């Protein structure tokens, strides 16, 4: 069955039919099925249950368990949301069978086009005796979605039902793997997706209830940007001036992909929205930014953001699962070589150690600047498992030996005929790929590395401090 996530957020300032006032502050509870793919947000104290089979998922929300169990009883509105993965005939037969199920068989209903989950559907409203019914039916990819609200006319609150209906979100999974990290997020059915840089962007359908809304998601950016204004960078890249357009008073702690995060609201001259940011030294950053045209943000937009946030999963690549590549988070390509002392090696021989794959040449001024730092850190940690492979495809063995002797260097040197430079796509000097004990690239430096940076990498990925 298609993997779905259903998010239903009930956001109203007042329940006319309820004995007490409820507000968004009551929305403290997120209930979901065991696999986390189906969720519904309901006010605290409401009853929520799910039923599922190979062809159907049903979510039930009611003010108490007894109300949910008795579909045809009079009382406060009861909400059912169905997702049927097998077509159940054409629209009219599905309408009549649903009405009959709820004891409304044979009644006349008013029909009108409506958007449900951003897709065009049909809404049917009717009443019989003392009861009211709302039935919305839409279809996507041969799957039927049915939203049913039924209740006593004396307690029926149309704005409340409208809010519930507007909050429904169907979220099929979209998986992305930016920067070597496994990251997945669910976006609404029918949204346009595009990828650029390390971001994935979604745009709402132009004719839907979220018209003009855009969402960006990014995870696993460079670890060296942690603490250096990554949230500012993300928002500025979208034209948001952090200092003047982000409301710092709204900053609150939360979670994104199971990691501690900070959430803020922003309002520019053209857009309003939210930004959620993770800064984690173990992998870098993750960001989810949602914005809509100024003046159009509603509780339904909040519901959509919460549903997408709840769907985010972030995890570092394992040694077996990581794809081979040349960026942080990817598995380093294996290679073999010969050291000038006559020994041979393969990168795999250094499993469990931290390997600095270092490309350089003698007359490179930036290499000369960097070498004292490399030698100092190597001398300190070589017995702890730090490995340096100084790869040179330009100079002769004699020239390298003279330079090392005059500079007091004793790092292992690998002579290359250009094969390794091509394998690692080296175009600038010095270039260093730092490969962790599990074979995953933890840092890529194009230019000289500082001694502090090298020590940090050793302590973080080799010594575990």
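Can you spot a residue in segment 394-417 that is farther than 19 Å from residue 352 by Cβ, within 39 Å of the chain's Cα centre (by Cα) and surrounded by 20 or more Cβ atoms within 10 Å (Cβ to Cβ)? For segment 394-417, residues farther than 19 Å from residue 352 by Cβ, within 39 Å of the chain's Cα centre (by Cα) and surrounded by 20 or more Cβ atoms within 10 Å (Cβ to Cβ): absent. Within segment 252-268, being touching a helix residue (DSSP H, G or I) at 6+ places or on another chain (Cβ under 8 Å) and not in a strand (DSSP E or B) holds for one residue alone: 268. Which members of segment 321-353 meet the condition of being more than 32 Å from the chain's Cα centre (by Cα), on the phi < 0 side of the Ramachandran plot and in a loop (DSSP other than H, G, I, E, B)? Selection gives 335, 340, 341, 343. Exactly one residue out of 68, 61 is under 21 Å from residue 154 (Cα atoms), part of a helix (DSSP H, G or I) and either at pLDDT below 85 or in contact with a helix residue (DSSP H, G or I) (Cβ under 6 Å, 6 or more places away or on another chain) (or both), and it is 68. Looking only at residues of segment 113-145 that are closer than 27 Å to residue 300 by Cα and not in a strand (DSSP E or B), we find that the one that is modelled with the lowest pLDDT is 141.
Count, please, the residues in segment 99-112 that happen to be at pLDDT 90 or above and out of contact with any strand residue (DSSP E or B) (no Cβ under 6 Å at 6 or more places or on another chain). Within segment 99-112, residues that are at pLDDT 90 or above and out of contact with any strand residue (DSSP E or B) (no Cβ under 6 Å at 6 or more places or on another chain) number 3.
Of all residues in segment 441-450, exactly one satisfies the criterion of being at negative phi, surrounded by fewer than 16 Cβ atoms within 10 Å (Cβ to Cβ) and in contact (Cβ under 8 Å) with a residue 60 or more places away in the chain, namely 450. Summed over segment 72-104, residues that are part of a loop (DSSP other than H, G, I, E, B), closer than 16 Å to residue 155 by Cβ and touching a residue at least 12 places away in the same chain (Cβ under 8 Å) total 5.
Yes or no, residue by residue, for (1) at pLDDT below 95; (2) part of a helix (DSSP H, G or I); (3) over 25 Å from residue 425 (Cα atoms); (4) touching a helix residue (DSSP H, G or I) at 6+ places or on another chain (Cβ under 8 Å):
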{"position": "374", "(1), (2), (3), (4)": "no, yes, no, yes"}
{"position": "379", "(1), (2), (3), (4)": "no, yes, yes, no"}
{"position": "387", "(1), (2), (3), (4)": "no, no, no, yes"}
{"position": "394", "(1), (2), (3), (4)": "yes, no, no, no"}
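A single entry from 274, 278 fulfils the requirement of being surrounded by 12 or more Cβ atoms within 10 Å (Cβ to Cβ), assigned to a strand (DSSP E or B) and at pLDDT below 85: 278.
The values are calculated or read from the model by the stated rules, or taken from the named source; none is laboratory data. These figures come from a predicted structure and were not determined experimentally. Here the Cβ is made from the backbone with ideal geometry for all residues, glycine too, and neighbour counts use every protein chain on show.
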